[in-house]
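All remarks here apply to the structure that follows.
The values are calculated or read from the model by the stated rules, or taken from the named source; none is laboratory data. Predicted, not measured: the structure shown is a model, and the values here were computed from it. Every residue, glycine as well, gets a Cβ built from its backbone with ideal geometry; the counts of neighbours run over all protein chains shown. All accessible areas refer to the heavy atoms of the entire protein, side chains included, with ligands and DNA or RNA removed. Shrake-Rupley method; radii C 1.70, N 1.55, O 1.52, S 1.80 Å.
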Amino acid sequence: MEENTSVLTQINHENTEVSPGEDSQGDEPQKRQPALSENDSNKCPPSSRKAVVLQSEEHKLDQRSDNTNVATKEQQGNNEALDPHEIQKRAQEEGCVNVVFPGTVTQDGCCRFVSEILKCVLYQRQQLPMTYDQLVYSQKKRPVHSADTDRRKCQQSLQELEEVLQQLEVLFSLSRVPRVLLLMGGSLVFPKELYEINMEALVLASGDKSLRVSSCLRQLFRTLFVADLLSDTKPVRLMPTTVLVLAHRDCGVGWFRPKLQFKVPTRVRSKVVALCSDLCTCEDLKRDEWDWDDYIWFQAPMTIKGFSNYKA
């Protein structure tokens with residue numbers, strides 16, 4: 001399996017926009033702060049976890065670039081100024097964050113969006129003591145025959161998460177996926193927390209006509225950072241996370257289990273990340289018209305169990 005590494009591009013510390021062309025090169029190198037170590041990340045309070053996510057991703061993106069072709073209008077869209085006050089106000093009042101991409105995206109890109117948001121939610125909701133990539137790195141540094149409890153818990157959580165990520169890739173290769181739910185704690189009927197990734201309004205196209213995934217992820221996480229949708233100053237207890245995916249009933253997926261009678265819980269306030277494409281920049285393309293009778297919910301057969309008190 002190809003490792004699901006995050007691909008957020010560099011985020012300017014003065015909150016100025018960065019054009020897509022700077023993902024791999026630039027006229028002048030920017031000064032950047034070193035990424036936090038695993039131990040530093042493990043000790044940080046919940047309110048600062050979003051900064052750890054961005055700093056960690058920023059450090060990794062110095063070492064790679066995205067080779068996906070990008071439309072010229074992407075630079076114009078990424079240079080549009082966001083209104084931080086309005087974004088945060090809506091997130092607090094409505095529990096919703098809208099991310100409007102200035103062009104089309106690919107089906108593989110949609111899978112990446114879901115994977116990276118899942119990792120981010122698990123970390124920021126204190127189900128993982130470090131970011132996913134820091135945990136993977138720390139496991140590689142530990143002795144192979146180490147049998148301590150921390151290592152076993154870490155291995156179990158990583159295996160569960162990696163299995164879900166791998167199967168999401170399979171499902172996205174078989175069907176369009178307009179919605180994904182992350183249910184934490186409680187039951188399917190009444191979870192403790194509910195997060196939705198809504199992709200109904202995304203316009204898909206082939207890779208050579210679409211925005212590069214790295215730039216989309218940069219825009220996505222910058223918006224989540226400003227909205228502060230996932231942070232909570234209160235400590236959160238460990239709880240299992242269940243992934244449900246809305247996909248075509250005849251997609252032929254084998255690992256996910258169909259849940260024909262499932263209905264999205266309404267007794268818990270959900271937090272929604274709504275992704276969409278700006279039709280003004282998509283030329284003659286238009287959004288898909290969904291025949292919802294053909295789509296059903298599929299549930300991952302395993303939950304992702306969090307853990308804490310991990311020492312790298």
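Think of each Lys and Arg Cβ as +1 and each Asp and Glu Cβ as -1; about the Cα centre, that makes the dipole of the range 185-312 roughly 980 debye. Rolling a 1.4 angstrom probe over the protein heavy atoms with all chains in place gives the range 94-199 an accessible area of 35 Å² per residue.
Count Lys and Arg as plus one, Asp and Glu as minus one, and take only other residues whose Cβ is under 14 Å from that of Leu260; the net charge is then +1.
Using C-alpha pairs under 8 Å with a sequence gap of at least 6, the mean separation divided by the residue count of the range 172-262 gives a relative contact order of 44 percent.
Per-atom-type breakdown for the range 167-292 gives carbon and sulfur 51% of the accessible area (1.4 Å probe, protein chains only). In terms of its alpha-carbon gyration tensor, the range 85-174 comes out oblate; a/c meets the 1.5 threshold, while b/c is at least as large as a/b. Classify the range 196-312: rounded, prolate or oblate, from the alpha-carbon gyration tensor (a ≥ b ≥ c, eigenvalue square roots; a/c under 1.5 rounded; otherwise prolate if a/b is larger than b/c)? Since a/c reaches 1.5 but b/c is at least a/b, the shape of the range 196-312 is classed as oblate.
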